[in-house]
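First the structure, in the form of structure tokens, and then the observations on it.
The values are calculated or read from the model by the stated rules, or taken from the named source; none is laboratory data. Computed from a predicted structure; not experimentally measured. Quick reminder, even Gly has a Cβ in these numbers, built from the backbone with ideal geometry, and neighbours come from all protein chains shown. For the accessible areas, the whole protein counts, side chains as well, though only heavy atoms, and no ligand, DNA or RNA atoms are used. Shrake-Rupley method; radii C 1.70, N 1.55, O 1.52, S 1.80 Å.
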Amino acid sequence: GDVGFGVCANDSGVFMVGADYVANKNRWRMERRDLLTGNLIWAVNTDAATTGTSAQAYHVAADNSFIYVCGYDNAPGSGRWHIEKRSITTGDIIWTKVMDYSTNRYDYASDIVIDSSGIYIAGNDFSPGAADNQWNIEKRDLQTGDTLWTMKSNPSVLNDFANAITIDANYIYVTGDQGSPGSPSQWLMEKREKTNGMLICSQFSS
């Protein structure tokens, strides 16, 4: 079905992302709406999935000229990180980055935030050599979308998911969960350097 997942706002408007259901599959949907009335200014779709599989946009960040959207799409049998940069004025695509970190597994980018130095993304992957889902945190170039650094975090022997990310002047803060053998999963927070992604500290609570 149709669902909205992420929203942000600035002086240009309200930007929402999610998925709509067309021709037996979900596809990305992105909208810009008026701040005062909520009226639709533009809507665009990314038809990134094969028939019968899903593609969903999870979150959006915006500056004065562009929006940056993250989520996933499906290659046959494999979920992939999918990131787009689009024009605020028209919704037209500037660039797309797709990363298939694991074959026949489901990887997805959960949250995205930006500043003048880059794009910060948190999500999960099932990289070769990993026994389970692990956190994946990236910084990317605003202009090109190229990777500046990538950090993996696999805090437990079970599936771990990074769900949200934010930043201040110097640091990155990521939250999600880690698996806990024999009990429910636990909250987990990490603080990292913006320049290189190095871990400063981590805390969990059950």
Please determine, by comparing only the residues of the stretch 1-50 that are among the hydroxyl-bearing types (Ser, Thr, Tyr) and modelled with pLDDT of 90 or more, which one is most open to solvent (accessible area, probe 1.4 Å).
THR37
Matching residues, the stretch 143-195, being among the β-branched types (Val, Ile, Thr), touching a strand residue (DSSP E or B) at 6+ places or on another chain (Cβ under 6 Å) and open to solvent by less than 70 Å² (accessible area, probe 1.4 Å):
THR147, THR150, ILE165, ILE167, ILE172, VAL174, THR175
Residue satisfying all of: in the stretch 96-112; assigned to a strand (DSSP E or B) and open to solvent by 30 Å² or more (accessible area, probe 1.4 Å); farthest from ALA9 (Cα to Cα) among these
TYR106
Of the conditions (1) in a strand (DSSP E or B); (2) modelled with pLDDT under 85, VAL174 clears all except one; give me its number.
(2)
So which residues in the stretch 15-34 are farther than 17 Å from LYS85 by Cβ and touching a Ser or Thr at 6+ places or on another chain (Cβ under 8 Å)?
ALA19, ALA23, ASN24, LYS25, ASN26, ARG27
